[in-house]
Amino acid sequence: MTAALPISLEVNGEPVDAHVLPRLNLADFLREHLKLTGTHVGCEHGVCGACTVRVNGETVRSCLMLAVQTHGASVETIEGLSDSGEIADLQAAFRDRNALQCGFCTPGMLVAAQDLLQQETEPDRERIREHLSGNYCRCTGYQAIIDAVETTARARMGRKP
């Protein structure tokens, strides 16, 4: 029998100490152990992007990362980004532009979009498409999502959406 390993990390600004099995992925740790269910699990192969979170400021597919790999790290989930208000304008733009339908991809899409907007102040539509290309949405056709990200970028620059 495999023994659980101790990990200490920060999740959404809060310290977390836990014991996890070596093969437990980060997505399942967040969802099952911490009850942070905004991180969705779609494909479990790192393809769909529904499980996107930030680890030490970098976006990662949490279904591909082991929980033990986050020992000593800072993890930010959609709940943390939303609760802090960091993505309030982006969330509002998604709503206003009808950039969500079923909502399954939305948390991962918002995390990825915020990552882009932190890297670039005013990405063009092609750059937005490129950056979000690893996050799949089966409902919207992406145009509304690109509109929402573009609108947010323009608003953050003080330009008319």
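The values are calculated or read from the model by the stated rules, or taken from the named source; none is laboratory data. What you are looking at is a predicted structure, and each value in this text was computed from that prediction instead of being measured. As a convention, Cβ positions derive from the backbone with ideal geometry for all residues, glycine included, and neighbour counts pool all protein chains shown.
Just a few scattered comments:
- All of (1) hydroxyl-bearing (Ser, Thr, Tyr); (2) surrounded by fewer than 21 Cβ atoms within 10 Å (Cβ to Cβ); (3) touching a helix residue (DSSP H, G or I) at 6+ places or on another chain (Cβ under 9 Å) hold for Ser84 with one exception: (3).
- On the stretch given as the stretch 128-138, residues that are surrounded by fewer than 17 Cβ atoms within 10 Å (Cβ to Cβ) and either charged (D, E, K, R) or modelled with pLDDT of 95 or more (or both) total 3.
Here's the yes/no breakdown for (1) in contact with a strand residue (DSSP E or B) (Cβ under 9 Å, 6 or more places away or on another chain); (2) surrounded by 21 or more Cβ atoms within 10 Å (Cβ to Cβ); (3) of a type in the set (D, E, K, R):
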site	(1), (2), (3)
Glu14	no, no, yes
Glu76	yes, yes, yes
Gln91	no, yes, no
Phe94	no, yes, no
Gly108	yes, yes, no
Gln114	yes, yes, no
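- Test: residue in the stretch 19-34 that is surrounded by fewer than 20 Cβ atoms within 10 Å (Cβ to Cβ), modelled with pLDDT of 95 or more and in a strand (DSSP E or B): yes
- Restricted to the stretch 42-63, and to residues there that are out of contact with any strand residue (DSSP E or B) (no Cβ under 7 Å at 6 or more places or on another chain) and surrounded by fewer than 17 Cβ atoms within 10 Å (Cβ to Cβ), the residue that is farthest from Arg138 (Cα to Cα) is Gly57.
- Total residues in the stretch 103-129 satisfying the condition of being of a type in the set (A, V, I, L, M, F, W, C), more than 12 Å from Thr152 (Cβ to Cβ) and out of contact with any Ser or Thr (no Cβ under 9 Å at 6 or more places or on another chain): the figure is 1.
- Condition met for Leu26 (farther than 30 Å from Leu117 by Cβ and touching a residue at least 12 places away in the same chain (Cβ under 8 Å)): no
- Residue within the stretch 141-148 that is farther than 16 Å from Gly42 by Cα, among the hydroxyl-bearing types (Ser, Thr, Tyr) and exposed (fewer than 15 other Cβ atoms within 10 Å of the Cβ) present: no
- The criterion of being buried (at least 20 other Cβ atoms within 10 Å of the Cβ) and over 30 Å from Asp17 (Cβ atoms) does not hold for Gln101.
- Among the residues of the stretch 133-161, those identified as free of Cβ contacts under 8 Å to residues at least 24 places away in the same chain and within 24 Å of Ser62 (Cα to Cα) are Ser133, Tyr142, Ile146.
- Taken together, the residues in the stretch 130-145 that are part of a helix (DSSP H, G or I) and within 22 Å of Val53 (Cβ to Cβ) amount to 4.
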